[in-house]
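One structure below.
Only the coordinates and a few stated rules stand behind these numbers; no lab work does. Treat the numbers as computed from the prediction; the structure is a model and nothing was measured. So basically every Cβ, Gly included, is an ideal-geometry build from the backbone, and we count neighbours across all protein chains shown.
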Amino acid sequence: MTARLPRSFYARPAVEVAPELLGRVLVRILPDGTRLAARLVETEAYEPGDPASHSFVRVTPRNAVMFGAPGHLYVYFTYGNHWMMNAVTRSEGEGSAVLLRAAEPMEGAERMAELRGRGVLSELCSGPGKLAQAFGIDRAHDGEDLVRGDGVWIERGKPVDRGGFEAGIRVGVSAGLDRKWRFWVRGDPFVSRGRPGPPTRKKP
């Protein structure tokens, strides 16, 4: 438990948490005991009052977890066939989260390849939909506690310093284009290839 990020880490604005998640290690223990682990290399922040955020209008059954306590997993379905996972931030009732966009596989890559249906290492977790699929994440994991749960969590890892990452426009959004709230490790081969700006029909 000591290796996990504490609740206080998440209880801050998403724009602070998102870059600080770079270099941290996402972990999931599968039902058969297999440990999957990947180093986060790309994230996006979504804040209250953000026109690109699911929380912009009101609380709905789909986004309810996003308005919950910080340090929980918010999972939603998009693009017709992709699950996405987010770490809830700020305080309960605010509607803030960080999208986990891409990661470098560290443990359980063979199992990730099985879940993804393909085996190229650099393609296993190089997009939010790919990452969720590689970890076997779906709606059943919506609301899981990243701090005290026993299925999915984020470990401290080695954070990336300010000179090691870049910031830019988020991918697949048509609003809030003035906010450079996408963060990625500079030059990392596991970063997604998603095009910043309005959504396209390409897979994430």
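Here are the numbers for the structure shown:
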read-out	value
Point-charge dipole on Cβ atoms (K/R +1, D/E -1) for the chain, about Cα centre, debye to 20	440
Label-point separation in nm, ARG62 to GLU92, each point 7 Å along Cα→Cβ	2.5
Listed residue (LEU73, VAL57, GLY143) projecting farthest to the positive dipole end of the range 7-185, Cβ model	VAL57
Cβ crowding within 10 Å averaged over residues, with 163-173, 112-122 ranked highest first	163-173, 112-122
Cβ-based exposure ranking for TYR74, TYR10, in which fewest neighbours within 10 Å come first	TYR10, TYR74
Helix-only CD estimate at 222 nm, as mean residue ellipticity for the chain, using -39500 (n - 2.57) per DSSP H run (n ≥ 4)	-3000 deg cm²/dmol
Vicinal HN-Hα couplings computed from phi for the range 82-93 (Karplus, 6.51 cos²θ - 1.76 cosθ + 1.60; Hz; Gly/Pro x)	10, 8, 10, 10, 9, 9, 6, 10, 6, 9, 4, x
Estimated vicinal HN-Hα couplings, Hz - the range 183-198 in sequence order (Karplus 6.51, -1.76, 1.60; Gly, Pro = x)	10, 8, 6, 4, x, 6, x, 9, 5, 5, 9, x, 8, x, x, x
Pair SER174, GLU123: separation of 7 Å Cα→Cβ label points (nm)	2.9
Inter-centroid distance (Cα atoms) of the range 141-204 relative to the range 22-92, Å	10
Packing-based exposure ordering (other Cβ within 10 Å, fewest first) of PHE77, PHE190, PHE135	PHE77, PHE190, PHE135
Extension gain, ARG35 back to ALA3 (0.36 nm per residue minus Cα-Cα distance, nm)	10.0 nm
Sites matching trypsin sites (Lys or Arg not before Pro) across the range 19-111 that sit in DSSP coil, with at most 15 neighbouring C-beta atoms within 10 Å	ARG58, ARG62
